[in-house]
Amino acid sequence: VSETAVNEAAVARAVERCGTLDGVVLNAGVTGTPPLDGDLGPFDRTMEVNVRGVVLGIRAAVPALRSNGSGSVVAIASTSGMRGDPGMWAYNASKGAVINLVRAMSLDLAHEAIRVNVACPGPTRTGMTTPLIDGLPERGDAIVARVPMQRWGEAAELAGAITFLLSDDASFITGAVLPVDGGVTASTGQFAPPGAS
């Protein structure tokens, strides 16, 4: 996703198969964060995929959405872009950049009826997090203890939020940041939620 040609080819294929492009979900992401005094290669890669990938995805999609007369883009950031996490400064920076990128691009495209929003999942069971849940159960348990709903989110729950943002039910929503996080960002983090172990 950090290459222009890949994004343009994906859009072209979607238009070829479907006739038009109505919506785009930009969901690629990586988590690499080096030590602060370490090699910045993982930081550069994180920014390439998580931020540049969103920019290139939107740039590739906009001509097709314009020709359609409207459309919706949903980028996937993270609650880690809304708050800080220890040892994850590169990931936090990249997802924070995505959030503000979406806000700014929503302003640039709103007059063309192209909506741009961002969904911010909290702890969610995915291919990226399953090794953490299964391989380091104590860390997984510590994460869940900070979630007011006291569980991991499921990918289908995030998909429901994305589907809403893409749909006509969200036709007057643009530039929005939608946490899908079991209440994580509702908390200051100073106190354990009721029921936490």
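Side notes on the structure shown:
- Around the Cα centre of the chain, unit charges on the Cβ atoms of Lys, Arg, Asp and Glu (plus for the first two, minus for the last two) sum to a dipole of about 200 debye.
- Accessible-area ranking of M149, M47, M82, largest first, probe 1.4 Å: M149, M82, M47
- Chain lengthening between C18 and A145 when straightened (0.36 nm per residue, less Cα-Cα): 41.4 nm
- Computed from the Kirkwood radius of its Cα pairs, the Stokes-Einstein diffusion coefficient for the stretch 107-162 at 37 °C and 0.692 mPa s stands at 249 µm²/s.
- In the complete set of protein chains, residue-level accessible area for E8 is approximately 100 Å², probe 1.4 angstrom.
- Solvent-accessible area, 1.4 Å probe, carbon plus sulfur percent, for the chain: 57 percent
- One decimal place: the segment E138-S2 gains 45.5 nm when fully extended, by the rule 0.36 nm per residue minus the C-alpha distance.
- With at most 16 neighbouring Cβ atoms within 10 Å, loop chymotrypsin sites (Phe, Trp or Tyr not before Pro) (DSSP) excluded, longest segment of the chain: 1-171
- Separation in nanometres of the label points that stand 7 Å from Cα toward Cβ, at F191 and D168: 4.5 nm
- For the stretch 1-69, convex hull volume per residue from C-alpha positions, Å³: 72 Å³
- Charge dipole (Cα centre; +1 on Lys/Arg Cβ, -1 on Asp/Glu Cβ; no other charges) of the stretch 21-64 amounts to roughly 180 debye.
- MRE, 222 nm, helices only [DSSP H, n ≥ 4, -39500 (n - 2.57), over the chain, to nearest 500]: -13500 deg cm²/dmol
The values are calculated or read from the model by the stated rules, or taken from the named source; none is laboratory data. Only a predicted model underlies this, so the values are computations on that prediction, with no experimental measurement involved. Cβ coordinates were reconstructed from backbone atoms using ideal geometry, including for glycine residues, and neighbour counts include every protein chain displayed. Keep in mind that these areas ignore ligands, DNA and RNA; they rest on the heavy atoms of the full protein, side chains included. Shrake-Rupley method; radii C 1.70, N 1.55, O 1.52, S 1.80 Å.
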